[in-house]
Amino acid sequence: MVINMVMTQEMMDGIEKDNVVFLATATTDGTPNVVPIGFARPIDEKTILLVDNYMNKTRKNLEDNPKASLVPRDATKCPYQFKGTVEIHTSGKLFDDAVDWATSVMSKLAPKAAVLLNVEEIYTVQPGPNAGSKVD
């Protein structure tokens, strides 16, 4: 049983305000893939919504291996790595909300899915002796 970590308000604000994250995935044989995602925001203290506008390799990786990790673009302001398991939604309220959000920012977008990262672990990426330590 996986217990989700809880993000603090500071962590959620850091993701929301930066609004660009780097999402890491891997193929089933372990080949890594990292991409910038322009639509990312926490929807509560345990989950982060990502909008699939242009994911190709990333989407295939997530379908085959739902484990992912993300770091905000500006890790000096939000020095954390969030790891967890994703759920891919191509219909329903979560998908509709993702489409509304993305198209309200850029009307030419045609989101393919709402990707929900269920945060299971959080690590610090702040330089220093505790770099890479798991956050309690």
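The values are calculated or read from the model by the stated rules, or taken from the named source; none is laboratory data. Fair warning: this is a prediction, and the values are worked out from it, not measured in the lab. Ideal geometry is used to build each Cβ from the backbone, glycine not excepted, and the neighbour counts take in all protein chains shown.
Look at A75 and say whether it is among the small types (G, A, S) and at pLDDT 95 or above. Working first, answer last.
On the way: among the small types (G, A, S): yes; at pLDDT 95 or above: no.
Spelling it out, it is not the case that A75 is among the small types (G, A, S) and at pLDDT 95 or above.
Considering only residues of the range 12-36 that are under 11 Å from the mean Cα position of the chain (by Cα) and surrounded by fewer than 14 Cβ atoms within 10 Å (Cβ to Cβ), which is farthest from A102 (Cα to Cα)?
Taking the candidates together, the pick is P36.
Restricting to the range 88-102, what's the tally of residues that are assigned to a helix (DSSP H, G or I) and either touching a residue at least 60 places away in the same chain (Cβ under 8 Å) or closer than 17 Å to M55 by Cβ (or both)?
The qualifying residues number 6.
Being out of contact with any helix residue (DSSP H, G or I) (no Cβ under 8 Å at 6 or more places or on another chain), exposed (fewer than 15 other Cβ atoms within 10 Å of the Cβ) and not basic (K, R) is true for just one of S69, S107. Which residue is that?
Every option except S107 fails the conditions.
Name every residue in the range 45-81 that is among the polar types (S, T, N, Q) and either in contact with a Ser or Thr (Cβ under 7 Å, 6 or more places away or on another chain) or in a strand (DSSP E or B) (or both), in order of residue number.
Those that are among the polar types (S, T, N, Q) and either in contact with a Ser or Thr (Cβ under 7 Å, 6 or more places away or on another chain) or in a strand (DSSP E or B) (or both): T47, T58, N61, N65, S69, Q81.
K77 versus (1) touching a strand residue (DSSP E or B) at 6+ places or on another chain (Cβ under 7 Å); (2) in contact (Cβ under 8 Å) with a residue 60 or more places away in the chain: which is the lone unmet condition?
Of the numbered conditions (1) touching a strand residue (DSSP E or B) at 6+ places or on another chain (Cβ under 7 Å); (2) in contact (Cβ under 8 Å) with a residue 60 or more places away in the chain, the odd one out for K77 is (1).
Please indicate, with yes or no, whether at least one residue in the range 54-64 is within 29 Å of P129 (Cβ to Cβ), surrounded by fewer than 19 Cβ atoms within 10 Å (Cβ to Cβ) and modelled with pLDDT of 95 or more. Before you say what the answer is, go through the steps one by one.
Of the range 54-64, the ones within 29 Å of P129 (Cβ to Cβ) are none.
No - not one qualifying residue is present in the range 54-64.
Need the failing condition index for Q9 against (1) in contact with a helix residue (DSSP H, G or I) (Cβ under 8 Å, 6 or more places away or on another chain); (2) surrounded by fewer than 17 Cβ atoms within 10 Å (Cβ to Cβ); (3) among the polar types (S, T, N, Q), just the number.
With (1) in contact with a helix residue (DSSP H, G or I) (Cβ under 8 Å, 6 or more places away or on another chain); (2) surrounded by fewer than 17 Cβ atoms within 10 Å (Cβ to Cβ); (3) among the polar types (S, T, N, Q) applied to Q9, the lone miss is (1).
Does any residue of the range 106-124 turn out to be assigned to a strand (DSSP E or B) and of a type in the set (D, E, K, R)?
Yes, the range 106-124 has at least one match.
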